[in-house]
């Protein structure tokens, strides 16, 4: 079973002057080799993106529908964009992303990606069988041919994100450019995200699209046995009951009991990656979803202790698609979307740029073998305590989930299930 996270990042369009030769760099190439950066600051920047992710979760959470999104993908997308921002626009983006003033977020994110990729490889499970964990990160820039971008901006994205430049023609063939970008995203997400950028998103004013993809193949450390999966009742928020397929396992998992919820962590093969399942008590889902933050989740993770858990949890598969502009604006990043005030002069001085849309799509499937997930983002710019006794946990009501890198606590996916 595989898990993908992908970000098709940044459509960039000019909001002012027409094309010119300019003094910026116009470089074509494929993937670029990253500079070697020790992942020393990976945990700090992972904490920043975790805080950003939970801020975004509280804004996106809709108790009527299931939700999944990738804070890592969105965060990397915005950080790549931040490399081209200046002035108050850059300051707002730093604040929303919880980036430390004066630091180098790009080198830190490079280190984080290296830490994530270090989790890949052949892992031996407790049953003696082996399983393959694969973590790949890819980025690219899709630039208008003949349009000049600043050399430091391109160098930052090349060295820290491995983002090579691919030249396209938005002016005369923005539909062809859209098809090329979507094909790249589909390839990086194993065809789970086939049309991230819809018709009409790109135009003759588009000048740049940045794309990022994260591929994660994550079978469970302790696979569920298909023969133990059986129908069971799931109690929805309105009290109605629906019949779902509940997977079942009895195993030693890290578990915690907090004031109003239970938490259990399901490791993927090798233990470097895990899914944290948060199950609010009956009637407490709405208050949990509206108040949860990185600090609360961190405290829950710190409280996890190994306990024998008899777990029953639904299988589920769904897709979320949303525009992130309202949520990001509400978090305080409004200047980047203002055609008159946005400052992306560190990206290019050839024309005034602003972000016109941020579209995110994510897919997740959880079954007995493991987790498959994909996420893509398009940013379009226009001219607990220990327990000695066994625990029985039946996840038969709405719950939250987090897919994280255990060492750095980097969050790849956040979501909730209200109707499996």
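The values are calculated or read from the model by the stated rules, or taken from the named source; none is laboratory data. What you see is a predicted model, and the numbers here were worked out from it, not measured in a lab. Cβ coordinates were reconstructed from backbone atoms using ideal geometry, including for glycine residues, and neighbour counts include every protein chain displayed.
Below are the figures for this structure:
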| quantity | calculated |
| --- | --- |
| Of the criteria (1) assigned by TED's automatic domain parsing to the domain that holds residue 151; (2) crowded, with 22+ Cβ neighbours inside 10 Å, which one residue 172 fails | (2) |
| Those residues of segment 199-235 which are assigned to a loop (DSSP other than H, G, I, E, B) and loosely packed, with under 14 Cβ neighbours inside 10 Å, in sequence order | 199, 200, 225 |
| Condition check for residue 263: in contact with a helix residue (DSSP H, G or I) (Cβ under 6 Å, 6 or more places away or on another chain), over 25 Å from residue 207 (Cβ atoms) and crowded, with 23+ Cβ neighbours inside 10 Å | yes |
| Hits in segment 158-187 - residues which are more than 21 Å from residue 83 (Cα to Cα) and either at pLDDT below 85 or touching a helix residue (DSSP H, G or I) at 6+ places or on another chain (Cβ under 8 Å) (or both) | 168, 169, 170, 177 |
| Odd one out for residue 311 among (1) surrounded by 22 or more Cβ atoms within 10 Å (Cβ to Cβ); (2) in contact with a helix residue (DSSP H, G or I) (Cβ under 7 Å, 6 or more places away or on another chain) | (2) |
| Any hit, segment 354-367, residues being out of contact with any strand residue (DSSP E or B) (no Cβ under 6 Å at 6 or more places or on another chain), part of a strand (DSSP E or B) and surrounded by fewer than 23 Cβ atoms within 10 Å (Cβ to Cβ) | no |
| Residue in segment 103-120 that is over 23 Å from the mean Cα position of the chain (by Cα) and surrounded by fewer than 24 Cβ atoms within 10 Å (Cβ to Cβ) present | no |
| Residue within segment 250-258 that is touching a strand residue (DSSP E or B) at 6+ places or on another chain (Cβ under 7 Å), in a loop (DSSP other than H, G, I, E, B) and assigned by TED's automatic domain parsing to the domain that holds residue 297 present | no |
| Which numbered condition residue 386 misses (of (1) at pLDDT below 90; (2) touching a helix residue (DSSP H, G or I) at 6+ places or on another chain (Cβ under 9 Å); (3) over 20 Å from residue 271 (Cβ atoms)) | (3) |
| Test: residue in segment 98-105 that is assigned to a helix (DSSP H, G or I) and farther than 22 Å from residue 266 by Cβ | yes |
| Hits in segment 55-80 - residues which are out of contact with any strand residue (DSSP E or B) (no Cβ under 6 Å at 6 or more places or on another chain) and surrounded by 22 or more Cβ atoms within 10 Å (Cβ to Cβ) | 56, 75, 78, 79 |
